[in-house]
Structures are given as C-alpha cells and as structure tokens.
C-alpha cells in the first residue's frame with residue numbers, strides 16, 4: 001500500500017508523468033497506470049506452498065486419513081504419527097508439510113474450527129493436582145481389551161502419573177490415588193475433579209457438592225481438599241484434559257501390547273519419568289523433572305498408606321461362596337450361612353468375620369467365574385468324602401505330582417475317599433510340602449496305602465527330642481558301684497525247670 005500511495009502522490013501533487021514515476025521508482029509504466037486507478041488496499045491470494053517431497057506420498061496419506069476417519073477418535077493417528085508412518089515407507093520431507101496437508105484435508109471435510117477463548121491459570125508449587133479418566137485399547141496376553149486409565153497431573157511442575165485398570169470403579173479411584181501419591185512422594189493441597197459418580201454423590205448450586213463418604217475417608221487420610229469442577233467446564237482442569245490426548249498419542253498409539261496389567265503399569269510409570277525430561281511449557285529453559293524437584297518439597301509427606309477398599313455386607317451361601325462383581329469367591333466352611341464383611345480393592349477380595357480376615361483372593365474381572373480355595377472345604381469333606389471326586393474346588397486343584405500319584409492309587413482302594421481325606425486333614429496342619437515328601441517316600445517304598453503315607457507324615461512332623469547330655473548332681477553319685485551277678489538268672493531257670 002506504501003508504493004500505491006507514493007505513485008498517486010507524485011502524479012496528483014507533484015504532477016510527474018507516468019514515465020518519470022516509472023523511471024524514478026524502478027517500475028514499469030503498466031504497473032504505474034494500474035496503481036493510479038487503485039483506491040482500496042489490494043488483496044493477494046496466497047498460493048499453497050509447494051511440497052515436492054510429499055507429492056508422491058499424498059495418495060497414501062489421503063488413504064490413511066480416509067480409513068481412520070471411520071474409526072473412533074481415540075484410535076486415529078495424529079499428524080505426527082502419520083508423519084512417522086510416511087517416514088517408514090521412504091518419505092524424507094519435513095513434518096510441517098504433512099501437518100499442513102492433514103489440516104487442509106480435515107478443513108475440507110469438517111469446515112473451519114471455532115476457537116474458544118480461555119483465561120490462563122497460574123498455580124503455586126504443591127498447590128493443585130488435576131485428575132481425570134480416559135478409555136484406551138491395549139492388547140493384554142494376546143487379547144484386545146478396552147481399559148480405563150487414571151490420569152494425574154501436578155499443575156505447577158506438569159509432572160504426570162498414569163495407571164491402568166480393567167474398570168472405572170471406586171476402589172480403582174482409591175488405589176490410583178495411593179499409587180500417585182507414592183509416585184510423587186507426597187500429597188498436594190488440592191485435587192481437582194470432574195463430577196465423577198465415584199467421587200461426588202450430589203451436585204448442588206455453584207461449587208457445593210456432596211462427596212462420597214468413602215472418598216472423603218481417603219481425603220481425610222491424606223488431608224487434601226477435593227474440588228469439583230463446574231459441570232461441562234473442562235477448562236477448569238485443562239492441563240489433564242490435554243494430557244489425556246497426549247498420552248493416547250505417546251503411549252497407546254500404535255497399539256500397546258503387554259502380558260498383564262502389572263507389566264503395563266510398570267511401563268507406564270517408567271514412561272512418566274522419561275517424559276518428564278521434556279521442556280516445561282512455561283519455564284522453557286528447564287525440564288519438567290527439574291520443576292518437579294522444586295515442587296516436591298512443597299508436597300505433604302505421606303505418613304501412612306491407605307487401605308483403599310470398598311466394603312459390602314454379604315451372607316455366605318450354603319456352598320461357602322460370596323458373590324462379588326458377577327464372580328464367586330470361596331469362604332471357609334465354618335462361615336457358611338453367616339453375615340460377613342467383604343472388602344474389595346482394585347486387585348483383591350478379602351472376607352472379614354468377627355474382626356479377622358478369614359479369606360483372601362486375587363480379584364478377577366471376567367464373568368461367572370468360580371474362585372475356590374480347596375482348604376476352605378476340608379471340614380465339609382470330612383463329612384462328605386464322596387465330594388472329593390467331583391467337587392469343583394478339587395477337580396482343578398494343582399497338587400504336587402507325588403500327591404496326585406498317591407491320590408489316584410488310594411482312590412482305587414476300598415474306602416479310598418475317606419482315607420485320602422484323612423491325609424488332607426493332617427496336611428492342613430502340616431502343610432502340602434510335608435505331605436508331598438511323605439508321598440515321595442511311600443512311592444519309593446513301592447507299597448501305597450493311606451496308613452503308610454500317614455505314618456511317614458507323622459514321622460516328618462514329629463518333634464525331635466534334644467540330644468543334650470543328662471547332668472547328674474554330685475550329691476547323688478554312687479560311692480560303691482554294684483557288681484553284676486548273672487548267677488541269679490540261673491536260679492530263675494532252675495525254678496522254671498522245677499515247674
């Protein structure tokens with residue numbers, strides 16, 4: 001616009017000719033004539049930057065974008081992941097070209113995106129941590145599964161922690177907090193949440209909330225203040241909202257594959273430490289790990305761990321079982337028909353009666369599964385030995401090889417069921433290892449029967465007498481030792497001959 005103004009000023013004010021203006025300003029006369037007729041500011045259409053290196057790969061990139069547009073958003077690759085995919089098939093160009101192409105393709109499909117304005121937030125060290133859940137897909141043990149991932153993010157240092165679970169339940173929330181505080185090495189002053197059902201029971205006007213009582217027990221134990229966001233106001237915890245998308249791209253795309261949740265969570269914790277080596281978004285001269293080192297002393301120290309269980313009162317069935325989350329777990333037969341407390345954690349099911357833990361099982365997450373401890377049913381076997389052959393707790397009981405061999409032989413003998421049950425009852429006190437050794441000794445002897453096994457087992461568990469010498473006091477020592485007289489036996493022999 002400055003050139004147009006100068007041309008018009010020279011021609012209209014200084015009365016220069018077109019040729020003189022063209023000569024003085026180094027322009028052509030047609031250009032001078034065009035600008036003399038220009039009043040408004042000219043608008044230039046920007047040409048799309050050429051991408052010669054991307055050209056041969058545009059067809060493949062378009063195919064990927066069209067295929068992934070049919071997937072759910074969490075399974076779509078970001079522009080950077082697409083760039084990495086192109087590199088694998090020979091692309092040597094820049095990432096910017098791929099990013100611009102992806103942006104143009106999405107705009108042509110969905111139209112321009114409306115940007116919403118927000119207020120930047122500032123947090124002090126140790127002040128706040130943001131929490132959220134996400135849903136991801138992984139392959140565990142060769143099976144594709146949809147899992148839930150708990151996200152934590154310290155608002156000052158941006159240090160993150162993520163942990164995966166099969167489901168999003170209250171016991172998972174409690175366990176995730178304990179793991180996060182252990183990872184951080186302390187507890188922040190506030191934790192910011194959505195209005196999760198596992199955290200908030202009721203939403204009132206403004207910021208008033210009725211928090212879940214069990215969750216408040218967690219907050220009371222660690223002494224942090226829970227803060228619930230305004231409904232549909234995710235920007236109040238925008239850091240962790242952005243983290244969900246980033247973690248999906250960094251850790252779960254392409255598909256993560258592990259053998260178990262334990263391996264997956266160990267890897268996630270390691271990656272959280274590695275990702276902390278990136279630059280801090282605000283303090284660009286420092287890493288997230290360095291900022292976290294400054295924030296950690298401001299966190300409240302952990303004085304004791306929290307037992308994050310959810311408790312339910314149940315009645316034990318006549319088959320010595322309690323039902324938890326569509327699965328059944330065994331309880332000692334002595335508790336059949338009684339009311340017990342079932343404490344459910346993220347990875348365990350504990351049964352409590354009269355203030356004592358009477359059963360503990362690793363938690364499973366299938367459906368209609370039966371988890372039995374055979375020892376819980378020994379008192380029942382004592383009265384019903386026939387249940388040994390087809391009882392569900394005993395059919396798949398993994399016994400040592402020597403015990404299985406002896407069992408198979410004894411069950412073929414008369415009253416073998418009851419005889420083997422008696423061995424199990426004795427092994428309940430001595431342990432399976434002692435019974436396995438007794439069975440090995442019996443097999444070596446070549447004759448297998450319940451009495452022989454029981455004799456060997458009793459010999460193994462019998463207490464050993466001390467081999468210490470007997471000390472006799474000096475006051476009762478013999479002064480004259482008696483002389484052995486064997487002739488007295490001749491008298492007895494003679495007496496017997498008389499009779």
(request) Output the number of the condition that residue 51 fails; it satisfies all remaining conditions of (1) at pLDDT below 85; (2) more than 60 Å from the chain's Cα centre (by Cα); (3) assigned to a loop (DSSP other than H, G, I, E, B). (result) (2)
(message) Restricting to the range 299-309, name every residue that is surrounded by 16 or more Cβ atoms within 10 Å (Cβ to Cβ) and either out of contact with any helix residue (DSSP H, G or I) (no Cβ under 7 Å at 6 or more places or on another chain) or over 30 Å from residue 397 (Cβ atoms) (or both).
(response) 299, 302, 306, 308
(request) Test residue 357 against the criterion of being assigned to a strand (DSSP E or B) and surrounded by fewer than 19 Cβ atoms within 10 Å (Cβ to Cβ), and give yes or no. (result) yes
(message) When you check residue 338 against the structure, is it more than 24 Å from residue 165 (Cα to Cα) and either buried (at least 19 other Cβ atoms within 10 Å of the Cβ) or touching a strand residue (DSSP E or B) at 6+ places or on another chain (Cβ under 7 Å) (or both), yes or no?
(response) yes
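A quick yes/no check of all residues on (1) out of contact with any helix residue (DSSP H, G or I) (no Cβ under 7 Å at 6 or more places or on another chain); (2) at pLDDT 90 or above; (3) closer than 30 Å to residue 419 by Cα:
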{"position": "336", "(1), (2), (3)": "yes, yes, yes"}
{"position": "341", "(1), (2), (3)": "yes, yes, no"}
{"position": "346", "(1), (2), (3)": "no, yes, no"}
{"position": "353", "(1), (2), (3)": "no, yes, no"}
{"position": "362", "(1), (2), (3)": "yes, yes, no"}
{"position": "368", "(1), (2), (3)": "yes, yes, no"}
{"position": "397", "(1), (2), (3)": "no, no, yes"}
(request) Being part of a strand (DSSP E or B) and touching a residue at least 60 places away in the same chain (Cβ under 8 Å) is the filter; apply it to the range 148-159 and report the residue that is surrounded by the most Cβ atoms within 10 Å (Cβ to Cβ). (result) 154
(request) Scan the range 370-388 for residues that are surrounded by fewer than 16 Cβ atoms within 10 Å (Cβ to Cβ) and either within 17 Å of residue 322 (Cα to Cα) or out of contact with any helix residue (DSSP H, G or I) (no Cβ under 7 Å at 6 or more places or on another chain) (or both) and jot them down. (result) 370, 383, 384
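Yes or no, residue by residue, for (1) at pLDDT 95 or above; (2) assigned to a helix (DSSP H, G or I); (3) within 23 Å of the chain's Cα centre (by Cα); (4) assigned by TED's automatic domain parsing to the domain that holds residue 288:
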| site | (1), (2), (3), (4) |
| --- | --- |
| 161 | yes, no, yes, yes |
| 176 | yes, yes, yes, yes |
| 181 | yes, yes, yes, yes |
| 196 | no, no, yes, yes |
| 201 | no, no, no, yes |
| 226 | no, no, yes, yes |
(message) Please go through the range 250-291 and give me each residue that is surrounded by 14 or more Cβ atoms within 10 Å (Cβ to Cβ), out of contact with any strand residue (DSSP E or B) (no Cβ under 8 Å at 6 or more places or on another chain) and under 21 Å from residue 71 (Cα atoms), ordered by number.
(response) 250, 253
(request) Assess whether residue 368 counts as being touching a strand residue (DSSP E or B) at 6+ places or on another chain (Cβ under 8 Å) and on the phi > 0 side of the Ramachandran plot. (result) yes
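The values are calculated or read from the model by the stated rules, or taken from the named source; none is laboratory data. Quick caveat, the model's predicted, so the values are computed rather than measured. No Cβ is skipped: glycine too gets one built from the backbone with ideal geometry, and neighbour counts run over all protein chains shown.
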